[in-house]
Amino acid sequence: MLFCDCVQDYFRTYLMQQRGYGEHTLASYRDTFKLLVEFLSGSGLEVDALEMAEIGKDAVIGLLCWLESARGNAASTRNVRLAHLKSFAAYAITTSPEDAGTCAAIRSIPAKRQPSAPPDALSKEEVDCLLAMPGTDDRQGLRDSALLSLLYDSACRATELANVDVHDLVLGGACYVRIDGKGNKKRTVPLLNETGELLAAYLASSALGTNSPLFVNRSGRRLTRSGVSDVVERHWKSVVERHPDVAVHVNVKPHLLRHSKASHLVEAGANIYYVRDFLGHESVETTMVYLRRNLEKMREAVEAAADALAKPSGSFYAPGKKAELLAFLDTLV
């Protein structure tokens, strides 16, 4: 089977129809295959005529080395690209069984080990300075204050924030925001009353319609992911200039606010499963990295798990229950 045909089938049939991935996930997969095509073309191969059997283990390893040496990609990025290609190889086995050996070899390529460190996070003092920086004296400052507060309080990603519409907000007694997450997964995130009040003031000053984007630029168009980044970076620059005694970090991106909120929740004693749902993680293992920022919280979590496993056996199998079970079993024969 031709490589080009198999890739198109993979995107249409598997990623889009079966998995239902969102546009940003698809874009990540797309970039992987664009890089693969660029690498193969640079190696003198005619990609249009390539058979699946010609995209072997050596070609993929060559791509991974090229990503690190020529493009300066970190091991984490390299591993993401490899995971995409392994997924593709697994799909190709089902559509092109004659290439099973080639695909199995690709799937056997190990991920590269990388230094494991807990996510970086802003201190609470740094967050407070950033949230207070725009002020609320004019519409621009009010918009930026509302944006930064929602970004931190909801721990959403920059793209998720940019995609929030006015009707996704519920303000009042119990404030929350509905977020469209990665992979088209939706989640509802509670907000602090202070954030709700700030958002209400912003909406009152902006006269946005119910179906309008929540945050817009000066032209009235939806603020993009890069627009959200610009707001964060611009105000953080002011924090560094005005509060050098507080600002430990030189540069701050939107995702650092997500890490910061998660870390602060864990430090405050929030249940790790609540933090998982709050962030929209599929697995609690992904969320556990925030425990490693605080060894005391990790110790408490381990002790709590140990206590649950070390309960007296009687609490699991009381004598009355045993007799009840034996009586039931006697009725069966």
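Each reported figure results from applying straightforward, stated rules to the coordinates on display, with no laboratory input. Fair warning: this is a prediction, and the values are worked out from it, not measured in the lab. Note: ideal-geometry Cβ built from the backbone for every residue, glycine included; neighbour counts use all protein chains shown.
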ask   = For the chain, what is the relative contact order in percent, using Cα pairs closer than 8 Å and at least 6 residues apart in sequence?
value = 15 percent
query = What size of dipole, in debye to the nearest 20, comes out for the stretch 3-107 about its Cα centre when the only charges are +1 on Lys and Arg C-beta atoms and -1 on Asp and Glu C-beta atoms?
reply = 540 debye
request  = For the stretch 182-225, would you read off the P(r) tail past 13 Å as a percentage of all alpha carbon pairs?
outcome  = 67 percent
request  = Check cross-link reach from residue 237 to the aspartates and glutamates: straight Cα distance under 19 Å, and skip same-chain residues fewer than eight apart.
outcome  = 120, 125, 126, 128, 144, 245
task = Determine, at each q value in 0.20, 0.22 (inverse angstroms), the log₁₀ of I(q)/I(0) that the Debye formula gives when each Cα of the stretch 3-107 is one equal point scatterer.
result = -1.09, -1.31
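Give the calculated FRET efficiency between residue 83 and residue 128 to the nearest 0.05, with a Förster radius of 41 Å applied to their Cβ-Cβ distance.
After rounding to 0.05, the efficiency reads 0.60.
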note = Cα extents of the stretch 124-293 along the principal axes, largest first, in whole Å, come to 42, 39, 30
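Classify the stretch 68-188: rounded, prolate or oblate, from the alpha-carbon gyration tensor (a ≥ b ≥ c, eigenvalue square roots; a/c under 1.5 rounded; otherwise prolate if a/b is larger than b/c)?
prolate
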note = In whole Hz, the Karplus estimates of ³J(HN,Hα) for the stretch 71-86 (6.51, -1.76, 1.60; θ = phi - 60°; x where Gly or Pro) are 9, x, 6, 6, 4, 5, 5, 4, 5, 5, 4, 5, 4, 4, 6, 5
task = Kindly state, as a whole number, the per residue volume in cubic angstrom of the convex hull around the alpha carbon atoms of the chain.
result = 238 Å³
note = From DSSP H assignment alone, runs of 4+ in the chain each adding -39500 (n - 2.57), the sum over residues rounded to the nearest 500 puts [θ] at 222 nm at -17500 deg cm²/dmol
ask   = Picking from 36, 53, 26, whose Cα lies most toward the positive end of the charge dipole for the stretch 3-107 (charges on Cβ: Lys, Arg +1; Asp, Glu -1)?
value = 26
remark   = Ordered by number, the trypsin sites (Lys or Arg not before Pro) in the stretch 213-276 that occupy a DSSP loop and have at most 10 other Cβ atoms within 10 Å are 218, 221
ask   = When ranked by the protection proxy of mean other Cβ atoms within 10 Å per residue, highest first, what sequence do the peptides 194-206, 36-48 form?
value = 194-206, 36-48
task = Search the structure for amide H atoms under 5 Å from the amide H of residue 216, placed 1.01 Å from N in the peptide plane, and list their residues when 5 or more places away or on another chain.
result = 223
message = Multiplying the sequence separation of residue 226 and residue 210 by 0.36 nm and subtracting their Cα-Cα distance, what value in nm do you get?
response = 3.4 nm
